[in-house]
Amino acid sequence: MRGGAGAGAGSVAEARVACIGNMNNNYFCLVRYLRDMNIRADLLRLNCEQEHFHPSFDSYSDGYTACTVDLPWGDPASFAALAPEAIARDLAPYTHIVACNYAPAFVHKAGRRLDAFCPHGSDYTEVPYYKDESGQGLHPLSLAQRAAIRDAAHVFAPAHNPGRERYWAELAPQGVRHQHSVPILYMPEYDPETLPARAGLAPFYGRVLELRQSCGLLVYHHSRHVWASAQYPDDLKGNDVLLRGLALFAKARPEVRVGLVCHEYGVDVEASKRLIAELGIADLVHWMPLAGRKQVMPCAALADVVASGFAYSWKGGGVVSEALCLGKPLLGRRDDHLDPEGAAALYPMLNAATPEQVAARLAQAADDPAGVAGIGRRGRQWMSQSLIAPALERFRAIFTGVPACTASR
């Protein structure tokens, strides 16, 4: 018999929550919010986490050490040989389990049920589809991942676009699905009023500051560069749309000194550099090294606009949350026409899906800087009141058992 979700659930003091996996530092943020609510929670890092998603890259103190556990397992190659008992021992202290990345498969192998599956992306679009050695069937890891998702008591996964919804239709989770994502950013850490004091922690801050001082319009784009690689269809960011839109704007409005900051992050960085050269905008695009959030945020705070993705419609995500937290207007694609009622309750943004629309939104930012800045301020307020607070209340209900937690819009 599999261990039930929330076994022993009761008061906050009785709950002990394991948040396993830390893509985009998402679960480190969740742990911090839960601890603020006096819920005992730990971050359990898999042994295959990316370095720039270490908690130290998302915190200006070393307090994370008190709530972080480094697991000896988690990489897909070790899944088949790892004994279920070894996983179960590491999970034994916890009454509740939240997981992402490869962790759901390992939790399932240990005979535990997820209290919540809060995905980051590839953990439901790629991991459940790995082939076995024959190339005909599914890998044991994928089978376990599918079972864990199906059996999870709660799934925090807002509907972003039809392409992503097809995965949920196939995986068919049986638990309560919430139209809130896991809080992916800890807002108290990145108060815009205190960020200038953190500038020295970003080695490239001086370069961005010079751009701020010399540009009439500064755009910050720290998304992964994934747009030319056909092998990553679900990861596409549409960076080329932004670059082509920038070129159109620069040609139409030569009197506006515009600058775009990018980071050398993603499989298509070189493809982007080639496109930039072809478009003749190399003097407008400025490259910074791959960096963690605590280095990016003081620099992005200098921008007029923060740009996210343009390939697919997105309501949330890392760059989206970072822009909202900073109170910066977000430039990106969101297909509001697919759900007009739901869109009316979302944050305001500079919506664009084509190069022409990008150019138009940049012109709007140049011509009405005060109005566009107001879009950013309203976005920060929305994030605090309409995204993070409701999501945390749902997590509180799950971990304490009161009040009853139902599906949310």
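Tabulated data for the structure shown
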item: Ranking of Arg164, Arg361 by count of other Cβ atoms within 10 Å, fewest first; result: Arg164, Arg361
item: Percentage relative contact order, the chain, counting C-alpha pairs under 8 Å, at least six apart; result: 16
item: Over region 187-367, relative contact order from alpha-carbon pairs under 8 Å, at least 6 apart, %; result: 29
item: Cα-based helix-to-principal-axis angle, 162-171 vs the chain, degrees rounded to 10; result: 10
item: Region 187-367, Cα convex hull volume normalised per residue, Å³; result: 118
item: Helix axis angle, 140-151 relative to the chain longest principal axis, alpha carbon, degrees; result: 90
item: Region 112-179 shape via C-alpha gyration tensor axes, a/c threshold 1.5; result: oblate
item: Given charges at beta-carbon only (K, R positive; D, E negative), |dipole| of region 187-367 in Debye; result: 360
item: 0 to 90° range, to nearest 10: angle between helix 239-252 axis and the chain longest Cα axis; result: 20
item: Count, lysine Cα pairs under 22 Å in the chain, 8 or more residues apart or across chains; result: 7
item: Ordering of 52-62, 296-306 by burial proxy (mean other Cβ atoms within 10 Å per residue, highest first); result: 296-306, 52-62
item: Highest to lowest packing among 214-226, 198-210, scored as the average C-beta count within 10 Å; result: 214-226, 198-210
item: Dimensions (Å) - the chain, Cα atoms, principal axes, largest first; result: 69, 49, 43
item: Computed P(r) (all Cα pairs; region 59-180; 5 Å bins; percent); result: 2, 11, 20, 22, 18, 13, 9, 3, 1, 0
item: Packing-based exposure ordering (other Cβ within 10 Å, fewest first) of Arg32, Arg293, Arg274; result: Arg274, Arg32, Arg293
item: Cα-based equivalent ellipsoid of region 321-370: semi-axis lengths in Å, sorted from largest, via gyration tensor; result: 19, 15, 9
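Where a number appears in this text, it was derived from the coordinates with a stated rule and is not lab data. Just so it is clear, the model here is predicted, and its values are computed rather than measured. Cβ: placed from backbone, ideal geometry, glycine included. Neighbour counts: every protein chain shown.
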